[in-house]
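Bear in mind these aren't lab numbers, they're just calculated from the coordinates by the rules spelled out. Worth saying up front: this structure is predicted, and the values here are computed from it rather than measured. So basically every Cβ, Gly included, is an ideal-geometry build from the backbone, and we count neighbours across all protein chains shown.
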Amino acid sequence: MLAMSAVAGAVALFQAQSPAPKTLNIYVIDVEGGNATLVVSPQGESLLIDTGNTGAAASRDAGRIMAAANDAKLQQIDHLITTHWHGDHFGGMAELAKRIPIREFIDHGPNVQPAAAADAFLKDTYPELYSKAKHTVAKPGTRIAVAGLDVRVVASAGETIKNALPGGGKPNPYCANFKAGQNNAEDPQSVGTHITFGKFRTLHLGDLTMNKEFELMCPNNLLGTVDVLLGLHHGQATSNSEVLVHAIRPRVAVMNNGIRKGGEPAVMKVLHSSPGLEDLWQMHFSQLSGQEYTVPGMFIANATDEQPASMPIAPMPAPQPGDAASPPPAHNGAAYWIRISAEQDGTFTVVNSRNGFSKKYGPEK
Ligand SMILES: [Zn+2]
Ligand SMILES: [Zn+2]
């Protein structure tokens, strides 16, 4: 007995002395123009934002999320935010739940854009998934308890926060030039999340559209500035107004675009002219950018299964919704993530897992 407790005491001492992991890690996972972003706190608590695509892609995307979860040595997903009920955001959820326990399911409430697959999922599958876990309907201002982080919901179900976050609240000079945009019904319902770790701040607004960006940012910028802007609605032009992007002054943006989804000229112009932006990183080469607008390939995580010999200079026009045009080139083979590792002092490093290229961004002066 004495020997056993001595061993146990030695183990406890060892654990107390081993250094705590110091970084917040964020994996932006390639789900082909959908969203899956995995946030892992320094203590190993996890927050996954969205689960990729539905249908035949669900298994592939759940596998890609599991690759990131395994890299982070996770045994469970502590919190899952489903930003909204589009198939490129909740699609891999049921498949993922078979592979790893999910402890809390967070969403904006009912689907408001009738769609057979989403409505069937919400009626038949989702209640079963959260029956063994916690279910939270997020409201603006809701705090999600993640050890070591301050995680706040800033938008949900079409509502936005009314009080400024710390560092926010100043008049937004970009409001005067705002032009309202078009949108479908579900995108503006997106759960938007602001995360603070020490001096490091990041924002993921799901597919929140321009008109909601205006509500969040005008007349006063309620968010302040961020180090990293995540997602960007796949880099589509129904979001990403200057009212948001230029006012929050991200040092780095990571766009979850697809090969022919997002990255079109209007959005690339906003990003390339964004004050203080040091780099844009992308999930994919976008044919909608062409050489004219794209960032250098070293900042891009994924190409296609069969790479073309060259990419045209001119951007390809964005396909119309419901277009019968040929599908984008396939990317079902090896997929790569972009990982952000942030420290308490605001320093962060971004890594492209395809080519190993990494860049360190020192604390803000
Ligand atoms: Zn891909
Ligand atoms: Zn989307």
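Descriptive notes on the structure:
- Distance histogram for segment 168-255 (every C-alpha pair counted, 10 angstrom bins, percent rounded to whole numbers): 18, 54, 26, 1
- Taking every Cα-Cα distance in segment 225-301 and sorting them into 10 Å bins from zero, the calculated P(r) comes out as 22, 61, 17, 0 percent.
- For segment 236-365, a simple Cβ point-charge model (Lys and Arg +1, Asp and Glu -1, everything else neutral) yields a dipole of about 180 debye relative to the Cα centre.
- Charge sum, other residues only, whose C-beta stays under 10 Å from residue 337's C-beta, Lys/Arg counted +1 and Asp/Glu -1: +1
- The chain: Cα Rg divided by the 2.2 N^0.38 Å rule of thumb: 0.98
- FRET efficiency, 1/(1 + (r/R0)^6) with R0 25 Å, evaluated for residue 122 and residue 325 via beta carbons: 0.25
- Full extension of the chain segment joining residue 176 with residue 304 gains 42.0 nm, where the gain is 0.36 nm per residue of separation less the Cα-Cα distance.
- Hits among aspartates and glutamates - C-alpha to C-alpha of residue 269 under 13 Å, sequence gap 8 or more where chains match: 242, 292
- Listed by chain and number, the lysines placed with their C-alpha closer than 18 angstrom to that of residue 139 are 162, 212; residues fewer than eight positions away on the same chain are left out.
- Fully extending the segment from residue 103 to residue 115 would add 1.6 nm, taking 0.36 nm per residue of separation and subtracting the current Cα-Cα distance.
- For segment 170-215, the Cα-based Rg and Dmax, in that order, read 12.9, 37 Å.
- Candidate aspartates and glutamates for bridging to residue 134, where Cα separation is under 16 Å - those fewer than 8 sequence places away on the same chain excluded: 45, 78, 104, 107
- Projecting label points 7 angstrom from Cα along Cα→Cβ for residue 71 and residue 316 puts them 2.6 nm apart.
- The charge dipole of the chain, taken about the Cα centre with unit charges on the Cβ atoms of Lys, Arg (+1) and Asp, Glu (-1), comes to about 860 debye, rounded to the nearest 20.
- Neighbour net charge for residue 227 - beta-carbon separation under 9 angstrom, K R +1, D E -1: +2
- In this rough spin-label picture, where each label sits 7 Å from Cα along the Cβ direction, the residue 147-residue 59 distance is 3.6 nm.
- Put a dot 7 Å past the Cα of residue 136, heading toward its Cβ, do the same for residue 334, and the two dots end up 3.8 nm apart.
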